[in-house]
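Contents: one structure, followed by commentary.
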Amino acid sequence: MERSLVFVLVTLLLFWGTSDYAQALGRGAAFDYQERSGLLPTAVVYSKERLGVTAPNVREESAGTDAAPLYRYSGLRLLVVSGGRIFLLNDRWTLAQGRVVVLRDDGSVRVEYGNASAD
């Protein structure tokens, strides 16, 4: 009984420590992205439907006609493409006011990537 209790206690403490470590690692990565977000590739998204992106510094423009609507979203930076999703940050992303825009990588949108210095 005593061994079982010690085992459970040690296991709980290991999970707690792992959780704290992961949070610290995540915060460090977020600060790094905040400092280096201007170096990420630019991304311009084209969609036949309005995406409703409300992130700071992201601009929506109508690039089509009434018969064939097309919306253009600029002011985005590519974070990563993973698991069938495209993860984008808004320009000048910060921990306080930044957003992560997640789009399906299924052909429903077209994304053009550019140099980090282009805008």
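The values are calculated or read from the model by the stated rules, or taken from the named source; none is laboratory data. Computed from a prediction, not measured in an experiment: that's the story for all the values here. Glycine gets a Cβ as well: all are built from the backbone with ideal geometry, and neighbour counts include every protein chain shown. Quick note on the areas: whole protein, heavy atoms, side chains included, nothing else; ligands and nucleic acids left out. Shrake-Rupley method; radii C 1.70, N 1.55, O 1.52, S 1.80 Å.
Thr54 sits with roughly 110 Å² accessible to a 1.4 Å probe, with DNA, RNA and ligands left out of the calculation.
As I understand it, the value is the acute angle between the Cα axis of helix 2-36 and the longest principal axis of the Cα atoms of the chain; what does it come to in degrees, rounded to 10? Rounded to the nearest ten degrees, it is 30. In this Cβ point-charge picture (+1 for Lys and Arg, -1 for Asp and Glu), the stretch 43-86 has a dipole of about 180 debye about its Cα centre.
Each of Asp91, Asp106, Asp32, Asp66 has its accessible area taken with a 1.4 Å probe; listed largest first, they run Asp66, Asp106, Asp32, Asp91.
Highest mean packing comes first when the peptides 36-42, 5-11 are listed by Cβ atoms within 10 Å, giving 36-42, 5-11.
Between Ala67 and Val80, residue separation times 0.36 nm minus the direct Cα-Cα distance comes to 1.3 nm. The apolar share of the surface of the chain, taken as the fraction of accessible area on carbon and sulfur atoms (1.4 Å probe, ligands and nucleic acids excluded), comes to 57 percent.
Given the rule -39500 (n - 2.57) for each run of at least 4 DSSP H residues, summed and divided by the residues of the chain, what is its mean residue ellipticity at 222 nm, to the nearest 500 deg cm²/dmol? After summing the helix terms and dividing by residue count, I get -11000 deg cm²/dmol. Residues considered: Arg77, Arg99, Arg50. Largest GNM mean-square fluctuation over the chain, using C-alpha springs under 10 Å, is found at Arg50. Using 0.36 nm per residue and subtracting the Cα-Cα separation, the extra length available between Ser108 and Val6 on full extension is 31.4 nm. With protein chains left intact and a 1.4 Å probe, residues in the chain average 72 Å² of accessible area per residue.
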